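One structure below.
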Amino acid sequence: MTLSLDVPKIRADFPILRREVRPGVPLVYLDSTATTQKPTVVIEAMDAFYRNNNANIHRGVHTLAEESTAMYEQARAAVAKFVNSPGVEQIIFTRNATESINLVAYSWGRANLKAGDRIVLTEMEHHSNLIPWQILAAERNVELDFIPVTDDGLLDLDAYRSLLEWTPKLVAFSGMSNVLGTINPVAEIVRLAHQAGALTLVDGAQLVPHQPVDVQALDVDFLAFSAHKMLGPSGIGALYGKAELLETMPPFMGGGEMIKTVHLRSFTPNDLPHKFEAGTPAIAEAVGFGAAIAYLTEVGMEAVAAHEQELIAYTLERLEEIPNVKVFGPSAEKKGGVAAFTLDGIHPHDAAQILDRYGIAVRAGHHCAQPLHQKFGIPATTRASFYIYNVKEEVDKLVDGIYEVKKVFG
Amino acid sequence: MDDLYRELIIDHYKNPQYRGHLDPNDIQFEDDNPLCGDHIEITLRVDGDGRVTEGRFDGRGCAISQASADLLIESIVGKPIEEVKKLSKQDVLDLLGIELGPVRLKCALLSLKVLKAGVYGLGEASDELVE
C-alpha cells in the first residue's frame with residue numbers, strides 16, 4: 001500500500017481551491033487548523049439530504065423520517081468505526097469538540113468531583129479544554145494542575161509523573177497542539193493516568209483529523225473532536241466515551257429526545273447515545289460528517305499523516321532559511337502540519353494582512369491558546385497549517401510572501 | 001487593500017515622532033487589545049487654557065495600531081482638550097487614509113480609546129468612546 005496521496009486528484013475534489021481571492025490571485029489556503037475546506041462529496045451529501053430526505057428524526061413513522069433517521073444513525077456508525085469505538089452508542093453527537101468537553105465537565109465533572117479533587121491539564125491547551133475546567137474548578141473548589149511545556153514545545157512528562165502523585169481524578173489534554181503542532185504521546189499519558197487512578201479526556205480536535213486514532217488501543221476514556229476540522233461541516237462534533245462512564249453520567253442538557261418517559265415533575269432519561277442529545281440535532285451536518293469520514297477513509301489516515309509529515313518537514317526547512325523567523329514547537333517528526341512563527345519586529349497581524357495580498361490565508365493571533373503564548377512571552381504568532389490538499393508549491397509561495405512582508409517593513 | 005501598508009503608515013510605524021513618555025504629565029492612560037496584544041499608553045501635558053501642549057505614546061503592536069497612535073498625537077498637539085473629546089472613529093480613519101475591516105479597526109482605534117478615556121478621566125476605556 002502506498003502512503004503518498006494523489007494530491008492533484010484530491011485538489012480537484014475541493015471546489016473552493018479553484019477560486020481566486022482577487023482577480024488573478026489564486027487561493028493558497030494555509031488555515032486548515034482553524035477549519036478545513038470541504039470536498040464536493042460532503043457539500044453534495046448535505047445538499048441531497050435537504051433535496052430528498054429532510055425530516056426530523058427518531059419519532060416520525062413516515063418515509064422521510066425513517067430515511068433521515070437511518071442516515072443520521074449511519075453517520076454515527078461511520079464515526080464510531082473511524083475511531084474504532086467498541087459501540088456505536090458510545091458516540092454522542094455534539095456541536096463541536098468544545099461542546100463535547102463541556103458535556104464531560106458538566107455531566108461527569110459535577111457528578112463526580114468534590115472540593116479538593118484535582119484535574120491535570122497542560123500548558124498547551126486550547127481555551128476549549130481550559131475554560132470548562134476553570135468554571136468547574138471555581139464552582140466545586142477543584143484544583144487545576146498543569147503539565148509544563150518545554151522550550152521545544154513538548155510536554156514535560158517527568159513533571160507529569162510528579163503531578164500524578166497528587167492522585168488527580170482526571171487528566172484532560174490535547175492530542176495535538178493547534179499552535180505548536182506537537183503530537184503528544186497519548187497512549188503513554190493515558191497509561192500513566194490510569195496507573196494513578198485518573199480518568200482521561202483527549203481533546204482530539206487536531207489529532208483525529210491528522211492521523212489514525214483508535215480509542216481502544218489508546219484506552220482513552222473520553223475523546224472530543226469536531227467535523228469541520230476534518231472536511232465535514234461546522235455545527236457538528238462528537239464525544240466518544242467508555243460505555244460504563246457514559247451510562248452512569250447524568251444528562252447534560254434537557255429536552256426532547258433525551259428522555260424515555262416524562263411526567264410533569266419528573267423524567268426518565270433515554271438510553272445512550274440519545275440521553276445526551278437533547279433537541280433536534282444537526283441532521284444534515286451529521287450526513288455531511290459521514291461523507292467526510294467516508295472520504296478520509298478512502299484516502300487513508302496513514303497517508304494523511306505521512307503527507308503532513310512531508311509538508312511540515314519541508315516547511316520548517318524553508319522557514320529556517322529566512323533570517324529573523326522563529327518557528328515554535330518541536331522538530332518535524334514530533335509534530336503535525338502546523339507552523340506557528342514570529343518575524344522579528346513585525347506583528348503577526350501585519351504579516352497575515354500582507355500575505356493576504358498574495359492570496360495566502362494564514363491565521364494571526366493567539367489561536368485560542370493565550371496561556372501558551374504568555375509562556376513563550378509573545379502576544380501572538382502567525383500560523384500556517386496544512387491538510388491533505390496542500391502542496392509544497394504553496395509552502396514556497398508562503399516563503400516568497402514572507403520575504404515580501406519583510407520588504408514592506410525593510 | 002495595498003493601501004493598508006502605504007508609505008505614510010509604515011513611516012509612522014518605523015519612525016514615530018511622538019513615541020515616549022512624559023513625566024510629569026497631566027493626563028496618563030493605557031489600555032490593550034487582548035486579542036492581538038496591542039498595547040498603548042498615552043501621556044499629555046495640558047496648559048492653563050486647557051490646551052494640549054505636548055503628547056507622547058508608548059506601546060507595542062501592529063503597524064496600524066502604532067502608526068495611528070503617532071498620527072493621533074500629532075493631530076492633537078496644540079488643540080483644546082474640549083476638541084480632543086469630540087474626536088471620532090472617522091477622524092482616525094481620515095488620518096490613516098484607509099478603509100479597514102472589523103478586526104483591524106480595533107487596532108486602529110485603540111489609541112483613540114486610550115486618549116478619550118484619559119481626557120475624560122475615566123477609570124476604564126470602553127468601545128463606546130470610539131463609535
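Taken together, the values in this text are just the output of simple stated rules run on the coordinates, not laboratory data. These numbers come from a predicted model, not from an experiment. Cβ coordinates were reconstructed from backbone atoms using ideal geometry, including for glycine residues, and neighbour counts include every protein chain displayed.
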Can you name every residue in the range A:370-392 that is within 30 Å of A:Gly300 (Cβ to Cβ) and out of contact with any strand residue (DSSP E or B) (no Cβ under 9 Å at 6 or more places or on another chain)?
-> A:Ile388, A:Val391, A:Lys392
Within the range A:324-358, how many residues turn out to be touching a strand residue (DSSP E or B) at 6+ places or on another chain (Cβ under 7 Å), surrounded by fewer than 21 Cβ atoms within 10 Å (Cβ to Cβ) and on the phi > 0 side of the Ramachandran plot?
-> 1
Say whether the condition of being crowded, with 23+ Cβ neighbours inside 10 Å and in a helix (DSSP H, G or I) is met by at least one residue in the range A:112-128.
-> no
Check every one of the strands (runs of 3 or more DSSP E) wholly within the range A:332-410 and list those with 1 or more residues that are more than 13 Å from chain B (Cβ to nearest Cβ) and under 21 Å from B:Cys62 (Cα atoms).
-> A:338-343, A:381-385
Filtered residues of the range A:321-331 (kept if among the hydrophobic types (A, V, I, L, M, F, W, C) and either assigned to a loop (DSSP other than H, G, I, E, B) or within 15 Å of A:Glu404 (Cβ to Cβ) (or both)) | A:Ile322, A:Val325
Within the range A:376-393, residues β-branched (Val, Ile, Thr) and over 12 Å from A:His210 (Cβ atoms) come out as A:Ile378, A:Thr381, A:Thr382, A:Val391
Among (1) buried (at least 16 other Cβ atoms within 10 Å of the Cβ); (2) under 18 Å from the mean Cα position of the chain (by Cα) - the single one A:Asn84 does not satisfy | (1)
Within the group A:Leu245, A:Leu231, A:Leu239, which residue is of a type outside the set (Lys, Arg), under 26 Å from A:Asp214 (Cβ atoms), within 23 Å of the chain's Cα centre (by Cα) and surrounded by fewer than 19 Cβ atoms within 10 Å (Cβ to Cβ)?
-> A:Leu245
Can you find even one residue in the range A:202-214 that is within 20 Å of the chain's Cα centre (by Cα), buried (at least 24 other Cβ atoms within 10 Å of the Cβ), on the phi < 0 side of the Ramachandran plot and small (Gly, Ala, Ser)?
-> yes
